[in-house]
Amino acid sequence: MNGIVKILIADDHPIVRKGLSNLIKENLTDIDILQAENHAETIKIALEQKPTVVLLDVAMPKGNAIETIEQIKGFDANIKILVVTMHNDNHFAMRMVKSGADGYITKDTPPVEMIGAVKRLLSGKRYITPELVEMLTDIAQGKQVSNTILNILSNREYEVFLLIAKGKTVSEIAQMLNLSVKTISTHRSRIIEKTGLKNNSQIMLFALQNGII
């Protein structure tokens, strides 16, 4: 890398930002770390500072990941975006990539793999797991038969769906996504209305039977 490279770490938890910052500084040289704690701030800093790479958390306040990705990419398609999330789900990853993300990685990823992903994006490449590549290829070739859930739920509804499927309560989900309990309850009601799944148990069973979790 020639000169100082800017990397924007966007996460609403200071300890996560600190950890990622330390990891990057220990393994890469000539890096200027920028930080943001919500989606609105992420967009503002990205547009002003034009970082080479953005490490983007999904569950932050003041916006959502899809809109953040689309706004940053609309401003400068050369800015690389690596989604860093708690969701270990290829269907959710597919939504992020189709929206313009250049990579997708989970927060429990080993440090060496995280650095490898950052290096790939810094070199202008994408970081996509083999499983996700196969899924995207099937979609491009018309082979993917997505279940109803994936087609009819919004991105936020699908995120709530995943957390319900993993056994999280409405209160826990509200805390995790930085949203009110009322908002999560509304999303849950819409999920039930759209899918015909009557309760949390049916949501969990559907997710297990369809390999979503």
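The values are calculated or read from the model by the stated rules, or taken from the named source; none is laboratory data. Owing to the predicted nature of the structure, the values given are computational and were not obtained by experimental measurement. Positions of Cβ are backbone-derived with ideal geometry, glycine not excepted, and every protein chain shown enters the neighbour counts.
Which of the residues belonging to the stretch 178-205 are among the hydrophobic types (A, V, I, L, M, F, W, C) and either in the same structural domain as Asn90 (by TED's automatic domain parsing) or touching a helix residue (DSSP H, G or I) at 6+ places or on another chain (Cβ under 7 Å) (or both)? Walk me through how you get there before you give the answer.
Just the residues of the stretch 178-205 that are among the hydrophobic types (A, V, I, L, M, F, W, C), to begin with: 179, 181, 184, 191-192, 197, 203-205.
The answer is Val181, Ile184, Ile191, Leu197, Ile203, Met204.
Given the options Ile81, Ile66, name the one that is surrounded by fewer than 20 Cβ atoms within 10 Å (Cβ to Cβ), of a type in the set (A, V, I, L, M, F, W, C) and in contact with a helix residue (DSSP H, G or I) (Cβ under 7 Å, 6 or more places away or on another chain).
Numbers: Ile81 fails: surrounded by fewer than 20 Cβ atoms within 10 Å (Cβ to Cβ).
Exactly one residue qualifies, and that residue is Ile66.
Quick grid of which residues meet (1) free of Cβ contacts under 8 Å to residues at least 24 places away in the same chain; (2) more than 24 Å from Glu172 (Cα to Cα); (3) in the same structural domain as Glu157 (by TED's automatic domain parsing); (4) within 15 Å of the chain's Cα centre (by Cα):
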position: Lys25; (1), (2), (3), (4): yes, yes, no, no
position: Leu47; (1), (2), (3), (4): no, yes, no, no
position: Asp57; (1), (2), (3), (4): no, no, no, yes
position: Phe92; (1), (2), (3), (4): no, no, no, yes
position: Met96; (1), (2), (3), (4): no, no, no, yes
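Of the candidates Leu197, Leu205, Leu179, Leu163, the single residue that is closer than 14 Å to Phe92 by Cα and either without any contact (Cβ under 8 Å) to a residue 24 or more places away in the chain or part of a loop (DSSP other than H, G, I, E, B) (or both) is Leu163. From the list Lys6, Lys18, Lys44, the one residue that fits, being among the charged types (D, E, K, R) and outside any helix (DSSP H, G or I), is Lys6.
Only residues that are within 14 Å of the chain's Cα centre (by Cα) and part of a loop (DSSP other than H, G, I, E, B): list them for the stretch 59-68, please. Talk me through it step by step, then tell me what you get.
Going through the stretch 59-68, the residues within 14 Å of the chain's Cα centre (by Cα) turn out to be 59-61, 63-68.
If the condition is that a residue be within 14 Å of the chain's Cα centre (by Cα) and part of a loop (DSSP other than H, G, I, E, B), then Ala59, Met60, Pro61, Gly63, Asn64 are the ones that fit.
The residues of the stretch 69-98 that are among the β-branched types (Val, Ile, Thr) and either part of a strand (DSSP E or B) or more than 19 Å from Leu153 (Cβ to Cβ) (or both), listed by number, are Ile72, Ile79, Ile81, Val83, Val84, Thr85. For the stretch 98-125, give me each residue that is of a type outside the set (Lys, Arg) and either in contact (Cβ under 8 Å) with a residue 60 or more places away in the chain or under 15 Å from Gly19 (Cα atoms) (or both). Correct list: Thr106, Asp108, Thr109, Pro110, Pro111, Val112, Glu113, Met114, Ile115, Val118, Leu121, Leu122. Considering every residue within the stretch 35-42, establish whether at least one is in contact with a strand residue (DSSP E or B) (Cβ under 7 Å, 6 or more places away or on another chain) and touching a residue at least 60 places away in the same chain (Cβ under 8 Å). The answer is no; no qualifying residue exists.
Number of residues in the stretch 68-90 that are of a type outside the set (Val, Ile, Thr) and either within 19 Å of Leu162 (Cβ to Cβ) or in contact (Cβ under 8 Å) with a residue 60 or more places away in the chain (or both) equals 5. Scanning the stretch 27-41 for residues that are modelled with pLDDT under 95 and part of a helix (DSSP H, G or I) turns up His39, Ala40.
Residues checked against (1) crowded, with 18+ Cβ neighbours inside 10 Å; (2) out of contact with any helix residue (DSSP H, G or I) (no Cβ under 6 Å at 6 or more places or on another chain); (3) more than 22 Å from Thr106 (Cβ to Cβ):
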{"site": "His13", "(1), (2), (3)": "no, yes, no"}
{"site": "Arg17", "(1), (2), (3)": "yes, yes, no"}
{"site": "Lys25", "(1), (2), (3)": "no, yes, no"}
{"site": "Thr29", "(1), (2), (3)": "no, yes, yes"}
{"site": "Met60", "(1), (2), (3)": "yes, no, no"}
{"site": "Ala77", "(1), (2), (3)": "no, yes, yes"}
{"site": "Thr85", "(1), (2), (3)": "yes, yes, no"}
{"site": "Asn88", "(1), (2), (3)": "no, yes, no"}
